[in-house]
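Asks: Here you go, one structure.
The values are calculated or read from the model by the stated rules, or taken from the named source; none is laboratory data. These numbers were taken from a predicted model, which means no experiment stands behind them. Neighbour counts run over all protein chains shown; Cβ positions are idealised from the backbone, glycine included.
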Amino acid sequence: MPKGNTVKLTDGTEVTLRLLAKADRDALKRFFLTLTDESRQFLYDDVTDPKVIDGWIDNLNYDFILPLVAEHEGEIVADATLHKRPFGPSRHVGRLRIVVRDDYMGKGLCIKIIEEITIFARARKLKYLSSVLAENGERDSIETMLKVGFSEVTRIPGYLMSLDGKFDNAVILLKEL
């Protein structure tokens, strides 16, 4: 396994933040299968489909998508991705997505991940981090991002649809680096 940074959560638990590696294929599949339906409501891919995870692992390219995992006692407990476009008018903006296992929420893990991703984003000369979250379905994540320096730039009514077909407003958040 790749070496990473060990961080301490608010409850004293120590987790390692590190880049996702090809050897993580099965652990990543297990992680996504531990998520509740509620935790998967606004993900952009069907993470319960092993072929989706296989595609990610088989096509790892840290220049375009930087995948970071949080690991505790050999299990992945969170997954984050920083997406960067190689060309075009938004090539200076990194899109951030974080998924944390339910039993690790509320322990400061998301904040530690954002801090780590911010280091990578600055090293890649990005000017902004952005995230699109569901106003009602991801309220806690929005509050966390606001605490760490993101600003709400707009809301788009009914822009997102959950897995069960319910519409939610998209909140677009931006952090200047």
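Asks: I'd like to check something: does region 25-47 contain any residue that is small (Gly, Ala, Ser) and closer than 23 Å to Leu126 by Cα? Don't jump to the end; show me each part of the working.
Replies: The initial filter retains those residues of region 25-47 that are small (Gly, Ala, Ser), namely 27, 39.
Filter again for closer than 23 Å to Leu126 by Cα, leaving none.
No: zero hits.
Asks: Let me ask something additional. Could you look through region 123-144, keep only residues that are in contact with a helix residue (DSSP H, G or I) (Cβ under 7 Å, 6 or more places away or on another chain) and under 24 Å from Pro89 (Cα atoms), and pick out the one that is surrounded by the fewest Cβ atoms within 10 Å (Cβ to Cβ)?
Replies: Residue satisfying both the conditions and the ranking: Ser131.
Asks: Hey, another quick one. Inside region 1-59, counting only helices (runs of 4 or more DSSP H) that do not spill past its ends, which hold 2 or more residues that are surrounded by fewer than 15 Cβ atoms within 10 Å (Cβ to Cβ) and out of contact with any helix residue (DSSP H, G or I) (no Cβ under 9 Å at 6 or more places or on another chain)?
Replies: On the way: elements: 25-34, 37-40, 50-58.
Qualifying helices (runs of 4 or more DSSP H): 25-34, 50-58.
Asks: Same structure, new question: With the structure loaded, tell me whether Gly158 is within 17 Å of the chain's Cα centre (by Cα), at positive phi and at pLDDT 95 or above or whether it fails that test.
Replies: Values: within 17 Å of the chain's Cα centre (by Cα): no; at positive phi: yes; at pLDDT 95 or above: yes.
Criteria not met by Gly158.
Asks: Sticking with this one: Could we say that Gly149 is in contact with a His (Cβ under 8 Å, 6 or more places away or on another chain) and more than 18 Å from Thr6 (Cα to Cα) here?
Replies: Working: in contact with a His (Cβ under 8 Å, 6 or more places away or on another chain): no; more than 18 Å from Thr6 (Cα to Cα): yes.
Taking the combined requirement at face value, the residue does not satisfy it.
Asks: Which pairs turn up if I take residues in region 103-126 that are under 22 Å from Ser39 (Cα atoms) and look for partners that are charged (D, E, K, R) with beta carbon separation below 8 Å, at least 6 apart in sequence or on another chain?
Replies: If the second residue must be charged (D, E, K, R), the pairs left are Met105/Asp140; Gly106/Asp140; Lys107/Asp11; Ile111/Lys147.
Asks: Which condition does Asn61 not pass, out of (1) more than 21 Å from Leu173 (Cα to Cα); (2) touching a Cys at 6+ places or on another chain (Cβ under 8 Å), if it passes all the others?
Replies: Status for Asn61: all satisfied but (2).
Asks: State whether one or more residues within region 63-73 are over 26 Å from Arg18 (Cβ atoms) and either aromatic (Phe, Trp, Tyr) or free of Cβ contacts under 8 Å to residues at least 40 places away in the same chain (or both). First the steps, then the outcome.
Replies: Here is the first cut: in region 63-73, the residues over 26 Å from Arg18 (Cβ atoms) are none.
Checked region 63-73: no residue is over 26 Å from Arg18 (Cβ atoms) and either aromatic (Phe, Trp, Tyr) or free of Cβ contacts under 8 Å to residues at least 40 places away in the same chain (or both).
Asks: Now for a separate question. Within region 114-124, can one find any residue that is among the charged types (D, E, K, R), assigned to a helix (DSSP H, G or I), within 13 Å of the chain's Cα centre (by Cα) and farther than 26 Å from Pro157 by Cβ? Reasoning before the result, please.
Replies: Narrowing region 114-124 to residues among the charged types (D, E, K, R): 115-116, 122, 124.
Remaining after also requiring assigned to a helix (DSSP H, G or I): 115-116, 122.
Still in the running and within 13 Å of the chain's Cα centre (by Cα): 115-116.
Restricting the remaining residues to those that are farther than 26 Å from Pro157 by Cβ gives 115-116.
Yes, some residue in region 114-124 is among the charged types (D, E, K, R), assigned to a helix (DSSP H, G or I), within 13 Å of the chain's Cα centre (by Cα) and farther than 26 Å from Pro157 by Cβ.
Asks: Please state which of the following conditions Asp79 fails to meet, knowing it meets all the rest: (1) part of a strand (DSSP E or B); (2) without any contact (Cβ under 8 Å) to a residue 12 or more places away in the chain; (3) charged (D, E, K, R).
Replies: Asp79 satisfies all of (1) part of a strand (DSSP E or B); (2) without any contact (Cβ under 8 Å) to a residue 12 or more places away in the chain; (3) charged (D, E, K, R) except (2).
Asks: In the list Lys112, Lys84, Lys147, Lys107, which residue meets the criterion of being at pLDDT 95 or above and either of a type in the set (Phe, Trp, Tyr) or over 17 Å from Val15 (Cβ atoms) (or both)? Quick ask: steps written out before the conclusion?
Replies: Values: Lys112 fails: either of a type in the set (Phe, Trp, Tyr) or over 17 Å from Val15 (Cβ atoms) (or both); Lys84 fails: at pLDDT 95 or above; Lys107 fails: either of a type in the set (Phe, Trp, Tyr) or over 17 Å from Val15 (Cβ atoms) (or both).
That would be Lys147, the only listed residue that is at pLDDT 95 or above and either of a type in the set (Phe, Trp, Tyr) or over 17 Å from Val15 (Cβ atoms) (or both).
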